[in-house]
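Reading through the structure tokens given below for one structure.
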Amino acid sequence: MSHLIAPSILAADFANLERDCKMVNESKADWFHLDVMDGVFVPNISFGMPVIGAIQKHATKPLDVHLMIVNPDQYIETFAKLGANVLTVHYEACNHLHRTLQSIEAHGMSRGVAINPHTPTHLLADIIHEIDLVCVMSVNPGFGGQKFIEHTYRKVEALRKLIDQAGAQTLIEIDGGVGSGNAKKLVEAGADVLVAGSSVFGAKDPVQTIAELKA
């Protein structure tokens with residue numbers, strides 16, 4: 001399949017959120033990427049349930065919700081009710097990851113696991129068949145607009161090898177510092193989903209930028 005583009009709403013204009021949601025709807029983007037931060041797991045606070053509920057009313061494409069929070073288990077049902085299609089939790093935040101993924105699946109959502117830049121891919125080997133999407137953080141989580149970590153290419157290649165050898169159907173998503181300068185190389189390394197925030201919403205023509213990333 002062709003790779004997917006998921007514009008990160010964290011970089012949108014929150015004073016014109018409906019406008020930016022319509023832009024994503026009308027573009028060649030595939031998903032909405034929504035970063036939820038609690039100021040504890042990461043040193044920043046983004047947005048929570050009311051904003052996601054508002055986005056869901058206008059979005060015509062799947063919601064890819066990325067939880068950068070502690071104790072994500074207690075909110076799984078809430079995000080399911082808000083309309084999340086993919087729910088991603090951090091490997092580093094889950095003491096019982098298998099149980100968490102079972103709960104996500106039981107609530108009708110695709111199961112995502114995010115790994116920070118310092119977390120090796122081999123730690124997912126025993127559970128890769130239970131994961132629908134691995135979100136590889138290519139910046140340190142918490143803030144948009146950061147510089148892409150170059151080691152990510154090798155990490156994606158290693159993860160692709162792990163998935164293929166296991167015969168799993170897991171998608172690889174890249175989150176952080178993605179733009180026209182590295183999108184092609186990331187797809188060639190094995191990425192399936194590209195999250196793009198500042199490079200899309202900071203562009204003069206976001207629709208055209210999304211089309212270029214898709215191409």
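Would you pick out the residues in segment 64-108 that are buried (at least 19 other Cβ atoms within 10 Å of the Cβ), aliphatic (A, V, I, L, M) and closer than 25 Å to LYS155 by Cβ?
Result: VAL65, LEU67, MET68, ILE69, VAL86, LEU87, VAL89, ALA93, LEU97, LEU101, ILE104.
Within segment 187-197, which residues are among the aliphatic types (A, V, I, L, M) and more than 11 Å from LEU213 (Cα to Cα)?
If the condition is that a residue be among the aliphatic types (A, V, I, L, M) and more than 11 Å from LEU213 (Cα to Cα), then ALA189, ALA191 are the ones that fit.
Give me the pairs: first residue in segment 125-141 and acidic (Asp, Glu), second residue part of a helix (DSSP H, G or I), beta-carbon distance under 6 Å, and six or more apart or on different chains, which are they?
GLU130/LEU101
Quick one: ARG19 ticks every box in (1) in contact (Cβ under 8 Å) with a residue 24 or more places away in the chain; (2) closer than 20 Å to SER199 by Cβ except a single one, so which number is it?
It is condition (1) that ARG19 fails.
Kindly indicate whether LYS147 is assigned to a helix (DSSP H, G or I), on the phi < 0 side of the Ramachandran plot, without any contact (Cβ under 8 Å) to a residue 40 or more places away in the chain and surrounded by fewer than 14 Cβ atoms within 10 Å (Cβ to Cβ).
The answer is no for LYS147.
Say we look at segment 9-41 and pick out the residues that are aromatic (Phe, Trp, Tyr) and under 15 Å from the mean Cα position of the chain (by Cα); which of these is surrounded by the most Cβ atoms within 10 Å (Cβ to Cβ)?
PHE32
Computed from the coordinates by the stated procedures, all read-outs in this text should not be read as laboratory data. Remember, it's a predicted structure, so these values are computed and weren't measured experimentally. Ideal geometry is used to build each Cβ from the backbone, glycine not excepted, and the neighbour counts take in all protein chains shown.
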